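Below is one structure, written out as structure tokens; the observations come after it.
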Amino acid sequence: MRTSAHLRIGDQPWVKWSLITLALSLVTLLLLVPLFAIFAQAFSGGLESYIANVTDRFTLHAIGLTLFVAALTVPINLVFGVFLAWLVTRFEFPGRKLLITLIDIPFAVSPVVAGLLYLLLYGSNGWIGSRLMDHDIQLMFSWPGILMVTVFVTCPFVARELIPLMQQQGKEEEEAGVTLGASGWQLFRRITLPNIQWALIYGVVLTNARAVGEFGAVSVVSGNIRGETNTLPLHVELLYQDYNVVGAFASSSLLAGIALLTLFVKSFVEWRQARQRHALNEEEI
Amino acid sequence: MSLAITSAISLNPSKRVLPGFALSLGISLLFISLILLLPITGLLLQTAGMSWNEYWSVISDPRVVASYKVTLWAAAWASAFNGVVGLLLAWVLVRYEFPGKRIVDALMDLPFALPTAVAGITLSALFAENGWYGSILAEAGIKVAFTPLGIIVAMSFTSLPFVVRTVQPVLEDLAVEDEEAAISMGGSDLTVFRRVIFPSLWPALLTGIALSFTRSLGEFGAVIFIAGNMPYVSEITSLMIFIRLQEFDYAAASAIASVVLLASLILLFLINIWQAFYLRRIHGR
């Protein structure tokens with residue numbers, strides 16, 4: 001007889017195992033095989049050709065540009081995300097809900113439209129771009145343009161990770177800190193940061209993953225100049241269109257490696273958060 | 001003394017005790033205005049410069065209209081597919097224990113972590129006529145790569161995690177009492193699922209499907225590699241914008257983009273309103 005704690009539907013062995021089998025087959029076909037295929041294709045010409053492809057002059061330049069843009073994007077959106085999360089979870093003010101919705105816009109907008117928005121405004125015919133051109137400043141079709149659209153498409157990630165968590169944790173601890181005379185910076189460092197550090201790390205990792213991999217928006221504003229404004233995802237496209245499939249997959253394997261690292265950090269962070277919650281529950285008992 | 005202050009704080013929640021309101025409001029508003037609102041205004045100004053007839057002839061051009069249809073249909077099929085598969089995967093991940101479960105759970109986010117261009121060339125290679133999947137499907141007379149079916153495959157892949165990740169937490173928090181009661185009253189598994197579990201699950205399922213649909217409408221990188229991009233047959237709307245841009249027809253690109261932007265903003269607001277509505281219903285707040 002089943003105990004009352006286990007009185008659930010779908011627990012009969014045949015139902016359970018056929019559903020698990022079906023789910024695992026789907027995961028294999030939809031996720032595992034594609035992931036494996038990237039590396040299989042990348043190494044299909046042997047290790048030497050892989051190394052030659054990855055250390056190609058243009059590939060190295062694309063890697064450098066991609067890392068450079070990500071290294072600038074992450075701190076910008078980290079600072080913005082923390083301030084926005086602090087604002088909407090610690091204060092009540094009119095327009096608060098609208099602000100939370102606005103921050104989701106980059107998730108809903110097609111990357112091509114995102115790129116176009118910036119091209120229209122900052123391009124040489126654009127309202128701001130034409131004035132900058134008079135001072136010989138060109139933002140589009142060079143790295144500042146790539147940086148701007150990357151900041152746009154990745155700006156929700158940190159805030160999105162922090163807002164639900166900070167909402168749930170409430171502001172009592174920080175308010176107690178204020179009554180004890182802590183300054184704003186002390187509050188953040190001593191109380192808020194330890195509470196949100198794992199969500200913050202995950203937000204940063206997501207921002208980085210998307211910044212490194214953004215294609216559509218960057219493709220509109222980059223101009224695709226090989227060895228100049230070609231990011232790694234654009235380089236993948238270029239090689240693929242040149243029928244250099246092995247080269248395209250070799251570059252892809254680097255991006256897939258970053259993706260796998262992202263998944264690993266996510267699992268680790270979730271494990272830490274679960275342990276933190278567990279420890280808190282024990283304390284309360 | 002400090003006790004008196006803290007109780008005064010909790011009695012008067014409208015009073016702002018925590019520091020940083022002006023600073024975080026200032027930074028958030030500045031950032032959102034510069035990064036989000038200013039570029040969107042730029043698009044509106046650009047389209048406002050067109051006459052209504054010009055605007056209408058661009059957005060109702062038969063090739064563009066065909067691209068709306070392709071995009072909408074493919075996104076609808078992809079999100080429906082993800083609704084079914086996502087529900088199954090979420091169910092299996094929450095309800096059952098099996099070896100490798102944590103890896104499968106971590107792998108579920110792969111489509112979000114993997115750059116879309118990498119997903120695009122990988123799916124295109126797998127489903128090409130000589131690819132691992134394509135060669136098997138070809139024997140059954142099914143062509144995926146370079147057909148509208150390929151668009152559905154790419155959209156499904158890139159938006160697969162949405163349904164899983166929205167349904168998963170709801171399944172975890174499901175009250176066991178109702179389920180147990182229904183089983184002890186002799187309900188069959190299917191009846192219990194339909195009458196007891198599904199009613200509390202479907203709002204989250206619908207949210208996941210809607211998010212998947214919104215993402216699919218804007219997907220670009222993954223789609224263009226596998227779609228074949230034949231005018232009137234397998235061109236998505238994002239690609240139409242991209243093509244107009246490459247022809248330096250900024251006005252036409254903006255007009256089409258304004259349609260896409262409006263559609264995605266409306267979807268975003270509807271999803272947010274819907275989420276707030278059903279969260280309130282669940283928590284009784």
request  = Determine which member of the set A:LEU261, A:LEU234, A:LEU187 is aliphatic (A, V, I, L, M), within 11 Å of chain B (Cβ to nearest Cβ) and open to solvent by 50 Å² or more (accessible area, probe 1.4 Å).
outcome  = A:LEU261
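Name the residues in the range B:124-147 that are farther than 30 Å from A:PHE264 by Cα and either outside any loop (DSSP other than H, G, I, E, B) or at pLDDT 95 or above (or both), would you?
The answer is B:GLY134, B:SER135, B:ILE136, B:LEU137, B:ALA138, B:GLU139.
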message = With crowded, with 19+ Cβ neighbours inside 10 Å and either aliphatic (A, V, I, L, M) or modelled with pLDDT of 95 or more (or both) as the only criterion, which of B:LEU114, B:LEU88 stands out?
response = B:LEU114
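From the list B:VAL192, B:VAL196, B:VAL153, pick out the single residue that is at pLDDT 90 or above, in a helix (DSSP H, G or I) and either hydrophobic (A, V, I, L, M, F, W, C) or at negative phi (or both).
On the way: B:VAL192 fails: at pLDDT 90 or above; B:VAL196 fails: at pLDDT 90 or above.
Going through B:VAL192, B:VAL196, B:VAL153 in turn, just one is at pLDDT 90 or above, in a helix (DSSP H, G or I) and either hydrophobic (A, V, I, L, M, F, W, C) or at negative phi (or both): B:VAL153.
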query = Listed residues A:VAL74, A:VAL88; which is open to solvent by 10 Å² or more (accessible area, probe 1.4 Å), part of a helix (DSSP H, G or I) and in contact (Cβ under 8 Å) with a residue 12 or more places away in the chain?
reply = A:VAL74
ask   = So how many residues does the range B:32-60 have that are assigned to a loop (DSSP other than H, G, I, E, B) and surrounded by fewer than 16 Cβ atoms within 10 Å (Cβ to Cβ)?
value = 3
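Please list, ordered by residue number, the helices (runs of 4 or more DSSP H) wholly in the range A:108-169 having 3 or more residues that are hydrophobic (A, V, I, L, M, F, W, C) and either touching a Cys at 6+ places or on another chain (Cβ under 7 Å) or surrounded by 17 or more Cβ atoms within 10 Å (Cβ to Cβ) (or both). Working first, answer last.
Numbers: elements: A:111-122, A:129-134, A:143-154, A:156-169.
Qualifying helices (runs of 4 or more DSSP H): A:111-122, A:143-154, A:156-169.
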message = Can you tell me which condition B:ILE121 does not meet? The list is (1) touching a residue at least 60 places away in the same chain (Cβ under 8 Å); (2) more than 10 Å from chain A (Cβ to nearest Cβ); (3) in a helix (DSSP H, G or I), and all the others hold.
response = (2)
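Every residue, every condition in (1) among the aliphatic types (A, V, I, L, M); (2) away from chain B (no Cβ under 13 Å); (3) under 22 Å from the mean Cα position of the chain (by Cα); (4) part of a helix (DSSP H, G or I), yes or no:
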site: A:GLY10; (1), (2), (3), (4): no, no, no, no
site: A:TRP14; (1), (2), (3), (4): no, no, no, yes
site: A:TRP17; (1), (2), (3), (4): no, no, no, yes
site: A:ALA23; (1), (2), (3), (4): yes, no, no, yes
site: A:GLN41; (1), (2), (3), (4): no, no, no, yes
site: A:GLY64; (1), (2), (3), (4): no, yes, yes, yes
ask   = In the list A:ASN208, A:ASN244, A:ASN224, which residue meets the criterion of being open to solvent by less than 70 Å² (accessible area, probe 1.4 Å), within 12 Å of another protein chain (Cβ to nearest Cβ) and farther than 24 Å from A:THR73 by Cβ?
value = A:ASN244
ask   = Do you know which of the residues in the range B:232-250 that are among the hydrophobic types (A, V, I, L, M, F, W, C) and surrounded by fewer than 17 Cβ atoms within 10 Å (Cβ to Cβ) is farthest from the other protein chains (Cβ to nearest Cβ)?
value = B:VAL233
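Filter the range A:186-236 down to the residues that are among the small types (Gly, Ala, Ser) and at pLDDT 90 or above, then identify the one that is nearest to A:PRO156 (Cα to Cα).
A:GLY203
Here is a list: A:ASN224, A:ASN195, A:ASN230. Which entry is among the polar types (S, T, N, Q), in contact (Cβ under 8 Å) with a residue 12 or more places away in the chain and assigned to a helix (DSSP H, G or I)? Before the answer, list the steps.
Numbers: A:ASN224 fails: assigned to a helix (DSSP H, G or I); A:ASN230 fails: assigned to a helix (DSSP H, G or I).
After ruling out the rest, the residue left standing is A:ASN195.
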request  = Scan the range B:132-145 and report the pairs whose first residue is over 19 Å from A:ILE38 (Cα atoms) and whose second residue is open to solvent by 70 Å² or more (accessible area, probe 1.4 Å), with Cβ atoms within less than 6 Å and a gap of 6+ or a chain change.
outcome  = B:ALA138/B:GLU129
ask   = If you check A:VAL178 against the conditions, is it under 18 Å from B:SER33 (Cβ atoms) and within 12 Å of another protein chain (Cβ to nearest Cβ)?
value = no
task = For A:PHE58, state whether it is more than 17 Å from the chain's Cα centre (by Cα) and open to solvent by less than 30 Å² (accessible area, probe 1.4 Å).
result = no
key: Single residue of the range B:212-229 satisfying the filter (within 17 Å of B:ALA76 (Cβ to Cβ) and open to solvent by 20 Å² or more (accessible area, probe 1.4 Å)) that is farthest from the other protein chains (Cβ to nearest Cβ)   = B:PHE213
Restricting the range B:125-176 to residues that are within 10 Å of chain A (Cβ to nearest Cβ) and either open to solvent by 50 Å² or more (accessible area, probe 1.4 Å) or polar (S, T, N, Q) (or both), the residue that is farthest from B:TRP202 (Cα to Cα) = B:TRP132
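The values are calculated or read from the model by the stated rules, or taken from the named source; none is laboratory data. Predicted model only: the values in this text are computed from it and were never measured. Please note: Cβ atoms are built from the backbone with ideal geometry, for glycine as well, and neighbour counts cover all protein chains shown. Accessible surface is based on the protein model in full, side chains and every heavy atom, while ligands, DNA and RNA are left aside. Shrake-Rupley method; radii C 1.70, N 1.55, O 1.52, S 1.80 Å.
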